1. Suppose we filter ASN221, ASN214, ASN230 for residues that are at positive phi and modelled with pLDDT of 90 or more; which single one remains?
2. So, ILE329, is that one in contact (Cβ under 8 Å) with a residue 60 or more places away in the chain and closer than 20 Å to THR217 by Cβ or not?
3. Considering segment 302-312 alone, what residues qualify as being crowded, with 21+ Cβ neighbours inside 10 Å and modelled with pLDDT of 95 or more?
4. Over 22 Å from ILE319 (Cβ atoms), of a type in the set (Gly, Ala, Ser), free of Cβ contacts under 8 Å to residues at least 24 places away in the same chain and not in a strand (DSSP E or B) - does that describe any residue in segment 231-252?
5. Here are LEU187, LEU227: which of them is over 22 Å from GLU287 (Cα atoms), assigned to a helix (DSSP H, G or I) and touching a Leu at 6+ places or on another chain (Cβ under 9 Å)?
6. Six or more apart or on different chains, Cβ under 8 Å: which pairs go from a residue in segment 50-79 that's closer than 19 Å to ASN186 by Cα and without any contact (Cβ under 8 Å) to a residue 60 or more places away in the chain to one that's surrounded by fewer than 20 Cβ atoms within 10 Å (Cβ to Cβ) and among the acidic types (Asp, Glu)? Could you list them?
7. Within segment 317-338, identify whether any single residue is over 17 Å from the mean Cα position of the chain (by Cα) and either part of a loop (DSSP other than H, G, I, E, B) or not assigned by TED's automatic domain parsing to the domain that holds ILE249 (or both), and answer yes or no.
8. Give me the pairs: first residue in segment 89-101 and at positive phi and in the same structural domain as ILE70 (by TED's automatic domain parsing), second residue at pLDDT 85 or above and part of a loop (DSSP other than H, G, I, E, B), beta-carbon distance under 8 Å, and six or more apart or on different chains, which are they?
Amino acid sequence: MKNFYPFFLILLICGCASTGAPESERPAEDVNSLDYLVDGEYSYYLDTRGETPYYRGYIYFSTENMENIILVRSINANTKEESRFYFIIEDDENGYPSVIKDAQGNASHAEHLQAIVDFLNFTKLYLETRGDYNLKKDIDDEWDNYTLVFSFNKALPFFGFYDIKVKGFSESRYTLLQSGRLTSGNLNAFFSIDPENRNHRNVQRQVPQIPRRNEKTITQNGVNITLDDNWQYNDTTELPGYWLALGSIRDSQIAVEKFKLAAFNVTKENLFRILKLDILIEGNAIEIETVKTDEISGGYQIEYYLNDGLMRNYKRLRIILKGDELIVINFSTFADIFDNNKSYYERILNSVLVNR
């Protein structure tokens with residue numbers, strides 16, 4: 001099974017041990033409209049709004065003097081002809097990123113420059129509406145002859161939406177394909193990505209049935225979970241938890257972590273950022289179309305399938321605020337075992353209870 005990371009590693013790798021003070025508490029000169037982006041965050045989209053489909057790739061960096069740089073890779077999906085360029089973005093007097101300070105690179109056709117227009121429009125719409133919902137909401141963007149519907153979700157990278165559709169139609173016209181995070185010294189990886197080819201494969205095998213055994217309630221870091229004798233505690237890794245072994249030493253794993261909020265400056269308002277960091281750290285392995293997020297009592301939940309080229313996995317992460325503590329419940333398993341034993345696993349996941 002693909003290893004999943006302890007929560008503190010997500011924070012350290014993404015450089016987000018502190019998510020920052022709310023905008024209302026910051027000095028005006030420190031407010032940055034793109035502060036919801038992580039340095040090195042990128043996303044690729046498929047744009048089918050016109051006659052020719054395009055892949056649009058964006059990556060964000062913040063310089064030492066606090067300039068916001070957006071690098072763009074725009075690819076004609078039919079001919080594979082592409083343009084690469086970057087621009088420096090500044091906020092206008094209303095706090096929206098709408099001023100292009102500098103733009104350099106090669107844009108062989110005007111269609112590639114549509115990526116700049118899209119960046120300004122999509123970002124402005126996200127910033128204007130993000131205070132209207134906690135986690136996700138469909139937002140209408142009305143034009144003269146039609147209305148676009150953006151499926152916004154604050155846990156999703158970059159523009160914060162999965163797709164754009166024309167109201168009344170089911171076909172997606174602008175779709176998130178993949179996301180991740182890179183360092184400034186690894187830009188070649190961004191420009192070498194094939195937006196549609198993620199090298200995912202499924203290994204066909206005999207899927208074991210999980211035998212029924214005596215149930216037991218375990219408690220880890222103040223959380224009760226009803227397991228059975230198939231599960232054994234293991235503390236030999238950085239993330240101690242309970243393992244289920246059928247065809248391998250670890251076919252499924254569930255673990256609970258607990259942190260003092262003061263250490264990470266997490267609030268209910270920015271709790272969704274943890275879900276986004278989880279997506280970024282998994283990167284290209286995530287099957288982005290399977291991502292589901294929900295609000296739960298005291299926090300949020302995210303679930304998705306991921307494939308690292310070896311085995312397909314399933315992951316579910318819950319983050320819950322309890323007083324001054326942050327509870328992280330991390331579940332992961334081989335996808336084929338999960339799919340063939342869903343009722344078994346759902347009974348376990350539905351038994352999770354945070355002691356109040």
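The values are calculated or read from the model by the stated rules, or taken from the named source; none is laboratory data. Since the structure is predicted, the reported quantities are computational estimates derived from the model, not experimental observations. Virtual Cβ from ideal backbone geometry, glycine too; neighbours counted across all protein chains shown.
1. Numbers: ASN214 fails: at positive phi; ASN230 fails: at positive phi.
None of the other options fit; the residue is ASN221.
2. Numbers: in contact (Cβ under 8 Å) with a residue 60 or more places away in the chain: yes; closer than 20 Å to THR217 by Cβ: yes.
So ILE329 fits the description; yes.
3. Scanning segment 302-312 gives ILE302, TYR304.
4. Checked segment 231-252: at least one residue is over 22 Å from ILE319 (Cβ atoms), of a type in the set (Gly, Ala, Ser), free of Cβ contacts under 8 Å to residues at least 24 places away in the same chain and not in a strand (DSSP E or B).
5. On the way: LEU227 fails: assigned to a helix (DSSP H, G or I).
Only one candidate qualifies: LEU187.
6. SER62/ASP39; ASN68/GLU90; SER74/GLU82; SER74/GLU111
7. yes
8. Pairs found: GLY95/SER33.
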